[in-house]
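Colleague: Mind looking over this structure? Questions follow.
The values are calculated or read from the model by the stated rules, or taken from the named source; none is laboratory data. Small disclaimer: the values here were computed from a predicted structure and weren't measured. Note that we place each Cβ from the backbone using ideal geometry, even for glycine, and neighbour counts take in every protein chain shown.
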């Protein structure tokens, strides 16, 4: 099946980068190590997370009463897979390596805009001292500046599902194709969310949830392979 939904896609060039974080980042933990070199083929990825309005075309009763320009949340990994299959046209979730490469936007700093994340850069709730500085809820997609690839909300707003199964230490392949064996029911989350601290919005941060779980701070964006 192929469905026509207006989705702005950004082409990301092929490249090689250092994925993960090293001992120099005081907020990094073992799940982000070892830092390793990964190559990705060119692909395209949604400029924004999938919105409530877009997801309602698939499931009309999704999150009733909330604005259509907010990123869709309360979506499990399995829901995201079903959406991609329904959408057709080769759309899928990005691999973990593709996601981090796209989020970095050609940088190696903890955040696309540098070493510190300011409240004008992303939707998060607490500063590093625990003070409430954010909105306390999701915001319309595209409300914050894009990274160097032109992508919005890669950090904050909602955590994003990626294709890969969870491994505590890095299991990403060197060609960035992702780790999927169908044996593990926990999937990787990236990007941090509206109710997080900045340290959890670093481009190398990673977490996981069971693939059936839905939460109000977890969504996704779509990707698609391109001919090399």
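Colleague: Would it be correct to say that residue 94 is more than 26 Å from residue 11 (Cβ to Cβ) and modelled with pLDDT of 95 or more?
Modeller: Numbers: more than 26 Å from residue 11 (Cβ to Cβ): no; modelled with pLDDT of 95 or more: yes.
No, not satisfied.
Colleague: Starting from the range 83-102, take each residue that is on the phi > 0 side of the Ramachandran plot and in contact (Cβ under 8 Å) with a residue 60 or more places away in the chain and list its partners that are surrounded by fewer than 23 Cβ atoms within 10 Å (Cβ to Cβ) and not in a loop (DSSP other than H, G, I, E, B), counting only C-beta distances under 6 angstrom and pairs at least six apart or across chains.
Modeller: 90/224
Colleague: Within the range 60-93, can you find the residues that are more than 20 Å from residue 190 (Cβ to Cβ) and surrounded by 15 or more Cβ atoms within 10 Å (Cβ to Cβ)?
Modeller: The answer is 62, 63, 66, 69, 86, 87.
Colleague: Could you check residue 47 against (1) at pLDDT 95 or above; (2) in contact with a strand residue (DSSP E or B) (Cβ under 9 Å, 6 or more places away or on another chain); (3) more than 17 Å from residue 162 (Cα to Cα) and say which number it fails?
Modeller: All conditions pass for residue 47, except number (3).
Colleague: Return yes or no: is residue 172 at pLDDT 95 or above, part of a loop (DSSP other than H, G, I, E, B), at negative phi and in contact with a strand residue (DSSP E or B) (Cβ under 7 Å, 6 or more places away or on another chain)?
Modeller: Taking the combined requirement at face value, the residue does not satisfy it.
Colleague: Which number in (1) assigned to a loop (DSSP other than H, G, I, E, B); (2) surrounded by 17 or more Cβ atoms within 10 Å (Cβ to Cβ) marks the one condition that residue 23 misses?
Modeller: Status for residue 23: all satisfied but (2).
Colleague: Only one residue in 156, 178 is assigned to a loop (DSSP other than H, G, I, E, B), buried (at least 21 other Cβ atoms within 10 Å of the Cβ) and either more than 16 Å from the chain's Cα centre (by Cα) or modelled with pLDDT of 95 or more (or both), so which one is that?
Modeller: When all the criteria are applied, what remains is 156.
Colleague: Next question, about the same structure. Looking only at the range 192-228, how many residues end up being buried (at least 18 other Cβ atoms within 10 Å of the Cβ) and in a loop (DSSP other than H, G, I, E, B)?
Modeller: Of the residues in the range 192-228, 14 are buried (at least 18 other Cβ atoms within 10 Å of the Cβ) and in a loop (DSSP other than H, G, I, E, B).
Colleague: One residue is enough: does the range 42-49 have a residue meeting the conditions in contact with a helix residue (DSSP H, G or I) (Cβ under 9 Å, 6 or more places away or on another chain), assigned to a loop (DSSP other than H, G, I, E, B) and buried (at least 18 other Cβ atoms within 10 Å of the Cβ)? Steps first, please.
Modeller: Filtering the range 42-49 for residues in contact with a helix residue (DSSP H, G or I) (Cβ under 9 Å, 6 or more places away or on another chain) gives 43, 45.
Among the residues that remain, those that are also assigned to a loop (DSSP other than H, G, I, E, B) are: none.
Looking for residues that are in contact with a helix residue (DSSP H, G or I) (Cβ under 9 Å, 6 or more places away or on another chain), assigned to a loop (DSSP other than H, G, I, E, B) and buried (at least 18 other Cβ atoms within 10 Å of the Cβ), one finds none in the range 42-49, hence no.
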